[in-house]
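Inspection log for the structure reproduced underneath, given as structure tokens.
What follows is calculated from the coordinates using simple rules that are stated; it is not laboratory data. All values derive from a computational prediction rather than experimental measurement. FYI the Cβ positions are ideal-geometry reconstructions off the backbone, even for glycines, and counts take in every protein chain you see.
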Amino acid sequence: MTTTNTMPGAKDVVVIGAGFAGLSAAVALASKGFRVVVLEGKPALGGRAYSFSDAETGDFVDNGQHVLMGCYSETLDFIEQIGARDKLVFQEDLEIEMLAGAGRSARLRTSRLPGPLHMSGALLGYGHLTTRERVAAMRAGFKLLAMRRRGELKNLTVSELMDRLGQSENARQCFWYPISVATLNDEPESSSAELLAEVLKRAFFSRRRDSAFVYSRVGLSDLYCTGAKQFIERAGGAVETRATVEMLEPGEGGRIQSVRLRGGRRIEASNFIAAVPAPQLMRLLPENAVANNFFARLAGLSSSPIICAHVWFDREITDSPFVGFIDTTTQWMFNKRRIFSERGEQHPGYLSFVISGARKLIDLGNDELIAIVMRDLKRMIPAAAEANVVKWLVLKEKQATMAPDLSSHELRPTVETPIPNFFLAGDWIQTGLPATIESAVIAGRAAANAIVSRAGG
Ligand SMILES: Cc1cc2nc3c(=O)[nH]c(=O)nc-3n(C[C@H](O)[C@H](O)[C@H](O)COP(=O)(O)OP(=O)(O)OC[C@H]3O[C@@H](n4cnc5c(N)ncnc54)[C@H](O)[C@@H]3O)c2cc1C
């Protein structure tokens, strides 16, 4: 049966997908007096940044630890807009502990100098580099910015850039590659140097507070999904889950007239935003649009996986809120109990581990993956060997983010499409940033702005 929900006004917008991009677009539109219907196919909101409650431990488990930075200005503004800023923890200055083996700890800690000089302080005090490497890394940072300004990074991968900048193997492993893999989510041999330069410029060569880490003290879904839904509903809009859009239906004048949902329901609107990843978008497009080069080229984008392991121990094994591991398969460890600012009576040691750019590991079984994580952990923090594992969980995100390869720059689309009332949003849209939360929110808000300005608002 086909039921049609007709949305008469020019200010009616359907947003498909309720991740950071879709929800930030919908909130931006709702704040300008538009009536928005958000349609999310899954039973819960949040897309690739969601959390769930673990029945056994009572903990909120994020699908993977997400870290924001002070330079995520659009994201922080969105979180402020929905009244959730107090759910975030802001480091005052960037401070990251990096472990290169048991007891071999060094900190990247920015100095109290104004940006970008604050970064020089961090590098000069970073114990995993020799004095010569610290000076060379500082020089390389400024050279990299100059190359970016002159447009010389377009065809370079991160590892080729490191060759050009004369960076030693040790400087790569202890400094450049941990940043590159964490922010670009792929191997330095295939990742775009241009994207890395954009991250470094925004995060490390700007204001001091832009470099600091920001993370959620609550589960991810609680951070932004609840507040965004309430905001949209208060403005007269609706947010539906288990509402999978199967097709965008064409109307007159090359426009989209309606969406058809699984089960047959149709919803008409004046404008539509698809805030879904590229492969899902391709399945929704009307037949004549698929052949259009604007959309056809999107098939060239590929993705890169992330593996996250959550381990509950019977005791605390570290005081640090998060630690970077050098020269191990596991890259980051987050101490969830510290991050959630609560100490559970039952399972005090809840740790979360991240392996980004995990192409070579994604097909391994969960038992093998947890063995790798535990081996790395014991190498870095031997006290872990004395603790008992209460429970573990491995979550694989096979298509975690768009691969940041050299071709992605040309392939990423704009929010405006050749279809006049149809817009795109998502972390993979051309924002100049890697596929991150900030990229998703920039794209979501840009799609909303495009609709507002066309409506003359
Ligand atoms: C494990 C992991 C760790 C990460 N860590 C970080 C980090 O530390 N920092 C950072 O900035 N970024 C991180 N990211 C990236 C970040 O999660 C994404 O950039 C961001 O969540 C993307 O949001 P989005 O709205 O663009 O897409 P999505 O979150 O994918 O949202 C799209 C939504 O559309 C829905 N949908 C798809 N098709 C349909 C349909 N036909 N009908 C209805 N709904 C549909 C999907 O169910 C989904 O909810 C990480 C990602 C992962 C997977």
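Expressed as a fraction of 2.2 N^0.38 Å, the rule-of-thumb size for a compact globular protein of N residues, what is the C-alpha radius of gyration of the stretch 108-208?
0.99
Highest first, please rank the peptides 111-117, 238-244 by the mean number of other Cβ atoms sitting within 10 Å of their residues. All intermediate terms of the calculation are to be shown ahead of the outcome.
Working: 111-117: 13.9, 238-244: 16.6.
Going from most to least packed, we get 238-244, 111-117.
Through the Karplus equation 6.51 cos²θ - 1.76 cosθ + 1.60, θ set to phi - 60°, convert the phi angles of the stretch 48-53 into ³J(HN,Hα) values in whole Hz; use x for Gly and Pro.
7, 10, 9, 9, 9, 8
Report the relative contact order of the chain, percent, no decimals, based on alpha-carbon pairs under 8 angstrom and at least 6 residues apart.
25 percent
Figure the gain on full extension for residue 391 and residue 104 (residue separation times 0.36 nm, minus the Cα-Cα span) and round it to one decimal in nm. It would help to have the intermediate numbers written out before the result.
Values: separation 287, 0.36 × 287 = 103.32 nm, distance 2.81 nm.
Extending this stretch completely gives an extra 100.5 nm.
May I have the count of lysine pairs in the chain with C-alpha atoms under 20 Å apart, counting pairs 8 or more residues apart or located on different chains?
17
Per 0.36 nm of contour for each residue apart, how much would the distance between residue 293 and residue 53 grow if the chain were fully extended, relative to their Cα-Cα spacing?
Extra length available between residue 293 and residue 53 comes to 82.1 nm.
Based on the mean of other beta carbon atoms within 10 Å per residue, what is the order of 177-187, 298-308, 22-32, most packed first?
Most protected by this proxy first, the peptides run 22-32, 177-187, 298-308.
Can you give the calculated 222 nm mean residue ellipticity of the chain, where each DSSP H run of n ≥ 4 adds -39,500 (n - 2.57) and the sum is split over every residue, rounded to the nearest 500 deg cm²/dmol?
The helix-only estimate for the chain comes to -9500 deg cm²/dmol at 222 nm.
Which ³J(HN,Hα) values in Hz, rounded to whole numbers, follow from the phi angles of the stretch 254-266 under the Karplus curve 6.51 cos²θ - 1.76 cosθ + 1.60, where θ = phi - 60° and Gly and Pro get x?
x, 9, 8, 9, 7, 10, 10, 9, 4, x, x, 5, 10
May I ask you to evaluate 6.51 cos²θ - 1.76 cosθ + 1.60, the Karplus curve with θ = phi - 60°, for each residue of the stretch 384-400 and list the ³J(HN,Hα) values in order in whole Hz, giving x for glycine and proline?
For the stretch 384-400, the Karplus-derived couplings read 4, 5, 7, 8, 9, 7, 8, 6, 9, 8, 10, 10, 9, 9, 5, 10, 4 Hz, x marking Gly and Pro.
Can you divide the C-alpha Rg of the chain by 2.2 N^0.38 Å and report the result to two decimal places? All intermediate terms of the calculation are to be shown ahead of the outcome.
Numbers: Rg = 22.5 Å, N = 457, 2.2 N^0.38 = 22.6 Å.
Rounded to two decimals, the normalised Rg is 1.00.
Provide 72, 126 in ascending order of the number of other Cβ atoms located within 10 Å of each residue's Cβ, fewest first.
126, 72
Quick one: which residues, 5+ away or cross-chain, put their amide H under 5 Å from the amide H of residue 390? H built at 1.01 Å from N.
Those qualifying (amide H under 5 Å, at least 5 residues apart or on another chain) are 312, 313, 314.
Which one, 70, 403, 393, is farthest towards the positive end of the dipole of the chain when Lys and Arg carry +1 and Asp and Glu -1 on their Cβ?
Farthest towards the positive end: 70.
Among 115, 224, 279, whose Cα projects farthest towards the positive end of the dipole of the chain, with charges put on the beta-carbon of Lys, Arg (+1) and Asp, Glu (-1)?
115
Per 0.36 nm of contour for each residue apart, how much would the distance between residue 246 and residue 31 grow if the chain were fully extended, relative to their Cα-Cα spacing? Can you show the working numbers first?
Working: separation 215, 0.36 × 215 = 77.40 nm, distance 2.80 nm.
Length gained, residue 246 through residue 31: 74.6 nm.
Along the principal axes of its C-alpha atoms, what lengths does the stretch 77-117 span, in descending order and rounded to whole Å?
In descending order, the Cα extents are 42, 27, 12 Å.
Among 439-446, 38-45, how do they line up by average Cβ neighbours within 10 Å per residue, starting with the highest?
The packing order, highest mean first, is 439-446, 38-45.
In debye, nearest 20: dipole of the chain around its Cα centre with unit charges on the Cβ of K, R (+) and D, E (-)?
I would put it at about 900 debye.
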